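The structure follows.
The values are calculated or read from the model by the stated rules, or taken from the named source; none is laboratory data. Just so you know, these numbers come straight off a predicted model, no measurement behind them. Here the Cβ is made from the backbone with ideal geometry for all residues, glycine too, and neighbour counts use every protein chain on show. Areas reflect the complete protein model, heavy atoms only, side chains present, ligands, DNA and RNA absent. Shrake-Rupley method; radii C 1.70, N 1.55, O 1.52, S 1.80 Å.
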Amino acid sequence: MIKFKLLLTASLVATALATGMAALADDQKPVDKTPGSGPNPYADCGIGAALFTETKWAAVISNVIWDLGTTAVTSATASPQTCSGKTVAAALFIHHTYDKLAEETASGQGEHLTTVLNIFECNSVRHANAIQQIRGAMGHAVATPNYIDQPHIDKASNFYSIVENAVSASCSG
């Protein structure tokens, strides 16, 4: 068992280093604005990119260690514009506290729900409107027949979109 863990750790580190070297090489190329060119999920997205904004190899290693890069890859493929700043913090917070957020959304209040709205920089005066929209959209989401069978990452990603839409509609202007 110890050999298996050692082998797994070694291969994760090797993968992280290889991906990091590719990300470093990408830094030397001109920026490609063609459709389909997006952020490097391991270097530009996820917790790694949030923690190590200037050190690509450290971002890669951090993303692989954090959750094998799942959050980073999901954010890069589903919404590449979220690979920076508050959106990364919100996505990670939602991913790691989803169950509590879903519970608080059902009740219409709670510290996690307030925190995610604050991360999105929603003025506290507008929280009630945003929460009302979030509750309505989550009510529809959990009522879908396949909701219970969805993987955690899909539920968290859907919740992120719901909050993002509510903040856009209720908290701006």
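Let's see how each residue does on (1) over 15 Å from the mean Cα position of the chain (by Cα); (2) more than 25 Å from Thr70 (Cα to Cα); (3) not in a helix (DSSP H, G or I):
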site: Gln109; (1), (2), (3): yes, yes, yes
site: Val116; (1), (2), (3): no, no, no
site: Ile131; (1), (2), (3): yes, yes, no
site: Gly136; (1), (2), (3): yes, yes, no
site: Ala141; (1), (2), (3): yes, no, no
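Can you name the number of the only condition in (1) more than 17 Å from Ser168 (Cα to Cα); (2) out of contact with any Gly (no Cβ under 7 Å at 6 or more places or on another chain); (3) modelled with pLDDT under 90 that Ile61 fails?
Going through (1) more than 17 Å from Ser168 (Cα to Cα); (2) out of contact with any Gly (no Cβ under 7 Å at 6 or more places or on another chain); (3) modelled with pLDDT under 90 one by one, Ile61 breaks only (2).
Yes/no per residue for (1) open to solvent by 70 Å² or more (accessible area, probe 1.4 Å); (2) among the β-branched types (Val, Ile, Thr):
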residue	(1), (2)
His95	no, no
Tyr98	no, no
Leu101	no, no
Val116	no, yes
Phe120	no, no
Ser124	yes, no
Ala137	no, no
Ala143	yes, no
Val167	no, yes
